[in-house]
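Encoded as structure tokens, the structure appears first; notes follow it.
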Amino acid sequence: MAFHLIDLDTWDRREFYEHFINEVVCSYSITVNLDITRLKGQPLYPVMIWLLTRTVNAMPEFRTSLTKDGLGIYDSMHPMYTVFNKENKNFSGIWSYFSEDYAEFLKNYEADVQKYSKSTRYAPKNGTPENSFNISMVPWLEFTSVNLNVYDDGKFLLPIFTLGKYFERDGKRLLPLAIQVHHAVCDGYHVGLFVEKLQRLIDAFCEG
């Protein structure tokens, strides 16, 4: 893992960053419906975790973080995600190492889910990488919007993704995705570009 510090003196986003991190502290959520028709027959949760992570790793705006060392950009990210305990109706937050090879990632994911899905702890897997981001799924809800409230000092910059229950419309299978970001590092333009990249990866998944 590499973390590249940003030089504020030369960073072209400095004025926007300082405004939204100091003056008008602002995070926001956008919910979109992804066309996942081409993913039929695939295990939806792991494939979406993999596709989201690939897209995050393609865009530095979604890898920018404020750490004890300062403001910087991770060169790559690993996914943290929730697994549901069917017995006690609770969930745990775990993580898996990301791989550009989907088969390898799926192997990691399946091993972690098998090991931790029956845990009664919130965070049963130790060693969460600093360069990780949050994904969760609520497959019981076909939602139109999700808003999360992070009660810190307003400096949590990494994205948070929430997946919902897919539904059928006009011959397509659609999946709600809520994207929460911090305005200091990520504008509406970047979210729009993220969704475009993600949709292209979804469309091309079964081809590759």
Of the residues in region 156-208, those that are under 18 Å from PHE20 (Cβ atoms), under 17 Å from the mean Cα position of the chain (by Cα) and assigned to a loop (DSSP other than H, G, I, E, B) number 8
Restricting the search to region 84-103, which residues are of a type in the set (S, T, N, Q) and touching a strand residue (DSSP E or B) at 6+ places or on another chain (Cβ under 6 Å)?
-> SER92
Counting only residues that are touching a Gly at 6+ places or on another chain (Cβ under 8 Å) and either at pLDDT 95 or above or hydrophobic (A, V, I, L, M, F, W, C) (or both), which one in region 137-167 is farthest from GLN180 (Cα to Cα)?
-> LEU141
Does ALA178 satisfy being modelled with pLDDT of 95 or more and closer than 28 Å to ASP203 by Cβ?
-> yes
Answer residue from region 50-76, given it is among the β-branched types (Val, Ile, Thr) and out of contact with any Ser or Thr (no Cβ under 8 Å at 6 or more places or on another chain) and is modelled with the lowest pLDDT among those | THR67
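Can you tell me which residue is farthest from LEU198 (Cα to Cα) among those in region 8-41 that are in a strand (DSSP E or B) and of a type outside the set (D, E, K, R)?
Ranking the candidates gives SER27 first.
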Could you list, in sequence order, all residues of region 43-84 that are in a strand (DSSP E or B), among the β-branched types (Val, Ile, Thr) and in contact (Cβ under 8 Å) with a residue 40 or more places away in the chain?
-> THR64, THR67, ILE73, THR82
Does region 139-151 include one or more residues that are touching a Ser or Thr at 6+ places or on another chain (Cβ under 6 Å), part of a loop (DSSP other than H, G, I, E, B), in contact (Cβ under 8 Å) with a residue 40 or more places away in the chain and buried (at least 21 other Cβ atoms within 10 Å of the Cβ)?
-> yes
For region 101-132, name all the residues that are assigned to a loop (DSSP other than H, G, I, E, B) and touching a His at 6+ places or on another chain (Cβ under 8 Å).
-> PRO129, ASN131
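The values are calculated or read from the model by the stated rules, or taken from the named source; none is laboratory data. Worth saying up front: this structure is predicted, and the values here are computed from it rather than measured. As a convention, Cβ positions derive from the backbone with ideal geometry for all residues, glycine included, and neighbour counts pool all protein chains shown.
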